[in-house]
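Single-structure report; data block below.
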Amino acid sequence: MIRRSGFILLLALLLVPTAQADPSAIQRGAYLFALGGCASCHTDSDNGGEPLAGGLAMPTPFGTFYTPNISADPQQGIGAWSNADFIRAMRRGISPEDEHYYPAFPYTAYSLMSDAELHDLKAYLDSQPASAVPSKAHQLNFPFRYRSLLALWKWLYLDGQRFSPDPNRSEQWNRGAYIVNGPGHCVECHSPRTLLGGLDSDHLLEGTPDGPDGETVPGLTAASNPEFGQWLDEDIQFALETGMMLNGDFFSGTMGKVVDNSTSQLSEADRAAIAVYLKSFAKPPQ
Ligand code: HEC
Ligand code: HEC
């Protein structure tokens, strides 16, 4: 009896196809990785950090966050995670150990992504080299060390819904809205925040003097930034592709990284959709 069940088990193991990711999923995932600008935070390129090994210091009013290793390493990275673990992290900001993530990880924006997209993104991450560099602990001020407090924050600021297109707008406009508010997470830097660090939903994309690294981030609506209101669609597309602004200067600081790791790698069609959306009106759909 024992021998027979052993044999059946062996047979079952031989018959189960080895988990091999589909190459087109990896390719779609690579595009989503650029769209999400993951490398801007999870690769500390300025300090020669290994790809996806994290370690980037993010100073904030709450203390300094260090981005974790999200490479395929099963111990130090997320190589051992299931797709379900990954979706829960990206969408609900919850770790496999059931702890809340800080919104320094912009899951509020990534939560708009579909299951299929997140599966592809995970397939891409799994296909990349593993790095065994351990993640660093955050250095946060009291009382922000307590992750349990984040339950309240999420209740206030995490909507958790997928993107729902506005049927009164074009497909192109909706694609732009999806990128800006979703994976491109433009809204996360280009909007003011409340005292609790949530996006100020009455002033989305209106710019802020208190952006990441203490930078001033300009508004992306004509009302909040009349100079930007003069940019034509093609000026926006050109800047997102090359990093050069209408006045001939190149983006500095974090926007330079956004262009390098994200918008310069997108399709013309996606840059055009972003431009159409930004030029269309002041506020994203709610
Ligand atoms: C603005 C910076 C930033 C960007 C962009 C960003 N992340 Fe993160 N990410 C973080 C920070 C900070 C944390 C740690 C959060 C915490 O400890 O609560 C994190 C945590 C994570 C985790 C959890 C890792 C773990 O060990 O528990 C995953 C998975 C993750 N990010 C994936 C991604 C992916 C995929 C992208 C691109 C689609 C991305 N991140 C883009 C900052 C960022
Ligand atoms: C990590 C923060 C961050 C993210 C994410 C971000 N930006 Fe920016 N952006 C900035 C900063 C900072 C500047 C100012 C750069 C400068 O003047 O050198 C800027 C400038 C710009 C400008 C020029 C506006 C002007 O009037 O000068 C445009 C256009 C722009 N961003 C579009 C986008 C789009 C589209 C996205 C999403 C794909 C995006 N940004 C995501 C930080 C960010």
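Summary of values
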{"item": "Identity of the residue in the range 265-284, in contact with a helix residue (DSSP H, G or I) (Cβ under 7 Å, 6 or more places away or on another chain) and open to solvent by 50 Å² or more (accessible area, probe 1.4 Å), that ends up modelled with the lowest pLDDT", "result": "Lys279"}
{"item": "The lone exception for Gly211 - which of (1) open to solvent by 30 Å² or more (accessible area, probe 1.4 Å); (2) within 15 Å of ligand 1 (Cβ to nearest atom); (3) under 23 Å from Tyr110 (Cβ atoms) it fails", "result": "(1)"}
{"item": "Any pair with Cβ under 8 angstrom, 6 or more apart, that starts in the range 201-215 at a residue that is outside any helix (DSSP H, G or I) and ends at one that is hydroxyl-bearing (Ser, Thr, Tyr) and open to solvent by less than 10 Å² (accessible area, probe 1.4 Å)", "result": "Leu204/Ser191; Leu205/Ser191; Leu205/Thr221; Glu206/Ser191; Glu206/Thr221; Gly207/Ser191; Thr208/Ser191"}
{"item": "Any chance Thr43 is within 23 Å of Asp260 (Cα to Cα) and more than 9 Å from ligand 1 (Cβ to nearest atom)", "result": "yes"}
{"item": "Residue list for the range 231-245, filter: more than 7 Å from ligand 2 (Cβ to nearest atom), aliphatic (A, V, I, L, M) and either touching a Ser or Thr at 6+ places or on another chain (Cβ under 8 Å) or open to solvent by 90 Å² or more (accessible area, probe 1.4 Å) (or both)", "result": "Leu232"}
{"item": "Tally of residues being within 16 Å of ligand 2 (Cβ to nearest atom) and either touching an Asp or Glu at 6+ places or on another chain (Cβ under 6 Å) or in contact (Cβ under 8 Å) with a residue 60 or more places away in the chain (or both) across the range 92-104", "result": "1"}
{"item": "Qualifying residue in the range 221-239 (condition: within 16 Å of ligand 1 (Cβ to nearest atom) and either at pLDDT below 95 or of a type outside the set (S, T, N, Q) (or both))", "result": "no"}
{"item": "Any hit, the range 165-172, residues being away from ligand 1 (no atom under 16 Å from the Cβ), of a type outside the set (A, V, I, L, M, F, W, C) and touching a Gly at 6+ places or on another chain (Cβ under 8 Å)", "result": "no"}
{"item": "Extreme residue, surrounded by the most Cβ atoms within 10 Å (Cβ to Cβ), among residues of the range 109-146 that are of a type in the set (D, E, K, R) and under 30 Å from Gly48 (Cβ atoms)", "result": "Asp120"}
{"item": "Listing of helices (runs of 4 or more DSSP H) fully contained in the range 108-184 that carry 3 or more residues being within 16 Å of the chain's Cα centre (by Cα)", "result": "115-127, 171-181"}
{"item": "Total residues in the range 140-199, condition closer than 16 Å to Met113 by Cβ and small (Gly, Ala, Ser)", "result": "6"}
{"item": "Among (1) assigned by TED's automatic domain parsing to the domain that holds Ala272; (2) in contact (Cβ under 8 Å) with a residue 60 or more places away in the chain; (3) part of a helix (DSSP H, G or I) - the single one Thr221 does not satisfy", "result": "(3)"}
{"item": "Which listed residue, of Ala109, Ala80, Ala89, is of a type in the set (A, V, I, L, M, F, W, C) and in contact (Cβ under 8 Å) with a residue 60 or more places away in the chain", "result": "Ala109"}
{"item": "Selection status of Phe228, in the same structural domain as Gln172 (by TED's automatic domain parsing), at negative phi and open to solvent by less than 30 Å² (accessible area, probe 1.4 Å)", "result": "yes"}
{"item": "First in the range 140-158 and farther than 14 Å from Leu195 by Cα, second anywhere and charged (D, E, K, R) and loosely packed, with under 13 Cβ neighbours inside 10 Å, Cβ under 6 Å, 6 or more apart", "result": "Arg147/Glu99"}
{"item": "Selection from the range 224-250 of residues that are among the hydrophobic types (A, V, I, L, M, F, W, C) and assigned to a loop (DSSP other than H, G, I, E, B)", "result": "Trp231, Leu232, Met245, Leu246"}
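The values are calculated or read from the model by the stated rules, or taken from the named source; none is laboratory data. Source: prediction; values computed, not measured. Note that we place each Cβ from the backbone using ideal geometry, even for glycine, and neighbour counts take in every protein chain shown. For the accessible areas, the whole protein counts, side chains as well, though only heavy atoms, and no ligand, DNA or RNA atoms are used. Shrake-Rupley method; radii C 1.70, N 1.55, O 1.52, S 1.80 Å.
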